[in-house]
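Some notes on the structure that comes next.
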Amino acid sequence: MAGRIKDEDVKAVRDAVPIDAVISEYLQLKNAGGGNLKGLCPFHDEKSPSFQVSPSKGLFYCFGCQEGGDTLDFVMKLDHLSFSEAVERLAAKTGIVLRYDEGGYNPGRQQGEKIRLIEAHKIAAQFFVEQLGSAEAEIGRKFLTERGFDQAAAEHFGVGYAPAGWDHLIRFLRGKGFTDKELLTSGLASEGRRGAIDRFRGRLIWPIRDITGDVIGFGARKLREDDNGPKYLNTPETPLYKKSHVLYGIDLAKKEIAKTGKAVVVEGYTDVMACHLAGVTTAIATCGTAFAEDHIKILRRLLMDNSSSHVVFTFDGDAAGQRAALRAFEDDQKFAARTSIAISPGGMDPCELRLADGDAAVRNLVEHSSPLFEFAIHSAVARHNTDTAEGRAAALEEAAPIVAGIKDGSIQHEYAVSLASKLGILDEQFVVRRVSQLARWARDRGQRGPEPRRERQQGQGQGSGGSGQGVTRPQPPRGPRLDLRSPSHRVERELLKLALQHPHLVSPAFDAYGEDEFTAPPYAAVRNAIAEAGGTEHADDGYLARVRDVAPDDTVRILVTELAVEATHTRRAPDEVYAGMQLVAVRLQAVERRISEVRANLTRLGPRAGADDLNAVQSELWALQQYGQRLREQGTAAL
C-alpha cells in the first residue's frame with residue numbers, strides 16, 4: 001500500500017502548473033476583466049459563459065452551478081480522479097518526482113489505476129510506432145501510401161502497427177512492470193483460452209487521445225483477408241475510454257478550433273489525416289459511434305458556442321451518409337453555432353477526394369458547405385410527390401418544423417417563403433404563418449426551468465495510493481439564500497471579496513472585525529475561516545489555500561472560492577480608498593444595528609428602571625452614537 005504524498009510535493013505540483021493552462025486543455029477561455037478568464041462551464045450545460053478562472057489565485061468557480069476549487073479540484077472533478085491520481089497525473093506532465101510519507105519515490109505500483117492505464121497506453125503507442133518499421137508491417141505502410149500518407153504523416157498522427165502474434169504487446173508491457181489484470185482492464189488485452197492475449201493483432205493502429213493529449217485507446221484497421229474481425233476494431237469501454245466522450249484528432253485540432261471558431265466533423269481516421277494535411281486543421285472524427293450530445297459538449301466548450309462559430313459536417317453522398325447528416329441535424333438546436341454540411345462529389349470521403357483531386361479540393365469542399373437545415377429541408381421535401389395536393393401537404397407538414405427550428409428569425413422567414421416556392425404553394429403567407437405557429441409552439445415548450453443538477457463524481461481527500469477512485473457524493477447544501485438586495489449583505493460580501501482577493505488593502509483592520517459584524521451566517525463562517533487561517537495580516541502565497549482548507553464544510557469552502565473569483569464592484573482595480581469605504585460601511589452598519597438594539601432595551605426598561613441600569617444603557621447609546629458620527633466624518637481613521 002502506498003503512503004501519503006508529501007505535502008511539499010503536492011504544493012510543488014500546484015505551483016508548477018498554472019490553472020489557466022490546465023483548464024485551457026479542456027475549453028476555450030477568454031478575458032473576463034479584472035485579471036479573470038471565462039468560458040463555458042464543463043460541469044453543466046449553459047449558453048453563455050458563467051465559468052470563471054482566476055490565474056493569480058489559482059482558482060476556478062462557476063456562477064451557474066457553483067462548482068469551484070483549485071487546479072487539482074478541476075482535474076479530479078472533470079476526469080473523475082482521486083486526489084492522489086490527480087496529483088500524480090499533473091506531476092507526470094511536469095516531470096515532478098513525487099515522494100511518499102513512507103519514503104522513496106513513486107514506483108509504478110504506487111500510482112492510481114487511471115495513471116497506470118494512461119502510462120500503459122503511452123508505452124503501447126510507442127511500441128506500435130516502432131513496429132510500423134518492421135518487415136511484417138510492409139502491408140500497413142503500403143495501405144498508408146496508397147491513401148496518400150507518407151512516413152512524416154504517419155509520425156505526425158502516431159500511426160503504428162500491431163504484430164500478428166498473440167502476445168507481442170503483452171510480453172513487452174509485462175517487461176515494463178504491468179500486470180495482466182491491468183492490461184485486461186485497459187483494453188489492450190483480451191481474455192483468451194489460456195490467459196491474456198493481444199487485443200490488436202496484424203492491424204494498422206491509430207492512437208486515440210483525449211483533449212489533453214494522453215493516449216486513452218486505439219483504433220485498428222484490418223489489413224488482411226484472413227482477418228475475420230471487423231474492418232475497424234476499437235478499444236472497448238474502459239475506465240479511460242468512453243467512445244461517446246471521445247473525438248479523434250481533438251488534441252491536434254483544439255487550438256485551431258478555439259482560434260478560428262470553426263470545427264469540421266468527418267467520419268474516419270484517414271479523413272482527419274487527409275483534412276489536416278490539406279490545411280483543414282480543425283478536422284475531428286467520432287470513434288465508431290454517431291456524433292451525439294457528449295461530442296457536442298466538447299465542441300461547444302472549445303468554440304465558446306455562439307452565432308459566430310461554425311460547425312461543418314462532411315458525409316459521404318450515399319444513403320448512409322445522408323442518414324448520418326439527418327441525425328446530426330437532430331442535434332442542431334443544441335448548438336448556438338451555425339451548422340453546415342459538405343457532401344463531396346461522387347460520394348467520395350475527404351481522403352478519397354484528396355487522392356483524386358488534391359489538397360485544394362478538400363479545402364474547397366469545406367469552404368463551400370451549405371446550411372445543414374437547408375439539406376434537411378431538401379431531404380424532407382424529396383420524400384414526397386409534390387405534383388399532388390396530398391404530397392405537397394405532407395411535405396409541408398414534414399418540412400415546416402425544420403424551418404421553424406431555424407434560430408435566426410429573418411432567415412427563418414426567407415426559408416419559409418422559399419419552402420412555399422419549392423412546394424409550388426402559391427399562398428406564401430399560408431406557409432409563413434404555419435412556420436411561425438410551429439416556432440411559437442416550440443418556444444413555449446422550451447420555456448421550462450433548468451434541469452435538476454446531477455450528482456457528479458468527486459475525488460476523495462488525499463489518502464493512501466492505489467486506485468483511489470472518486471466516489472459519488474451528493475452536492476452539498478448551499479445554505480440559506482442571501483438577499484443581495486440587502487445593503488448590509490452587499491457590503492459584507494464586497495468586504496469579504498477584498499479580504500480574500502486583496503488582503504493587504506484591508507489588513508490589519510479586517511482582522512479585528514467580529515463575527516457579529518456579518519449578518520449573513522455564511523458570511524460570518526467565511527470571516528471565521530479567514531481568522532483561523534491566520535487573518536489578512538499574515539496573507540502570503542498559501543493564504544487562499546489555507547482559508548479553503550480550514551473551512552468547516554463544503555458549503556463554506558465553495559463560498560470562499562466563489563468570493564475569491566467574483567469581480568469587485570469597482571470599475572477600476574480596488575485601492576485603499578475603496579477598501580476603506582467597505583470597512584467603514586460594514587462597521588457603521590454594525591454600530592447602527594447595535595444602536596437599535598440598545599434603544600429597544602431602553603424602551604423595555606421603562607420609567608421604573610433603576611438609575612444605575614438606566615445610566616449604563618444611556619451611556620452605551622451615547623458612545624455608539626458618537627462612534628457612528630466619527631465613522632461618518634473620519635472614515636477609516638475612526639476604526
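The numbers here are math on the coordinates, done by the rules we state, and not lab data. These numbers were taken from a predicted model, which means no experiment stands behind them. Glycine also receives a Cβ, built like all others from the backbone with ideal geometry; neighbour counts cover every protein chain displayed.
Looking at the chain alone, DSSP beta bridges between its own residues are antiparallel in about 75 percent of cases. Relative contact order of segment 383-446, taken over Cα pairs closer than 8 Å and 6 or more residues apart, is 32 percent. Length gain on complete extension for the stretch residue 573 to residue 330, per 0.36 nm per residue less the alpha carbon to alpha carbon distance? Roughly 82.8 nm would be gained on extension. Of the trypsin sites (Lys or Arg not before Pro) found in segment 125-228, those that fall in a DSSP loop while having at most 12 other beta-carbon atoms within 10 Å are 176, 193, 194, 224. Residues in segment 50-62 carry Karplus couplings, in order, of 10, 8, 10, 10, 10, x, 5, 9, x, 10, 10, 7, 9 Hz; the curve used is 6.51 cos²θ - 1.76 cosθ + 1.60 with θ = phi - 60°, and Gly or Pro positions show x. Taking the convex hull of the alpha carbon positions in segment 274-405 and averaging its projected area over all directions gives 8.8 nm². Candidate values (1) 27.6, 91; (2) 31.3, 110; (3) 26.2, 82 were compared with Rg and Dmax of the Cα atoms in Å computed on the shown model; the agreeing label is (2). Taking Cα centre as origin and charging only the Cβ of basic (Lys, Arg, +1) and acidic (Asp, Glu, -1) residues, the dipole magnitude of segment 383-446 rounds to 260 debye. A simple charge model with +1 on the Cβ of Lys and Arg, -1 on the Cβ of Asp and Glu and nothing else charged puts the dipole of the chain at about 580 debye relative to its Cα centre. Only DSSP H runs of four or more residues enter the estimate; each adds -39500 (n - 2.57), and after division by the residues of the chain the mean residue ellipticity at 222 nm equals -15000 deg cm²/dmol.
With a threshold of 19 Å on the Cα-Cα distance, the over-threshold entries among 93/114; 47/255; 114/255; 57/259; 122/259; 6/176 are 47/255; 114/255; 57/259; 122/259; 6/176.
The chymotrypsin sites (Phe, Trp or Tyr not before Pro) of segment 178-257 include none that meets both conditions, a loop assignment by DSSP and at most 16 other Cβ atoms within 10 Å of the site Cβ.
Which trypsin sites (Lys or Arg not before Pro) in segment 553-623 sit in a loop by DSSP (not H, G, I, E or B) and have at most 16 other Cβ atoms within 10 Å of their own Cβ?
When the trypsin sites (Lys or Arg not before Pro) of segment 553-623 are filtered for loop state and at most 16 Cβ neighbours within 10 Å, 571, 572, 608 remain.
Distant-in-sequence amide contacts of residue 59, defined by a placed amide H-H separation under 5 Å and a gap of 5 or more residues or a different chain, comprise 54.
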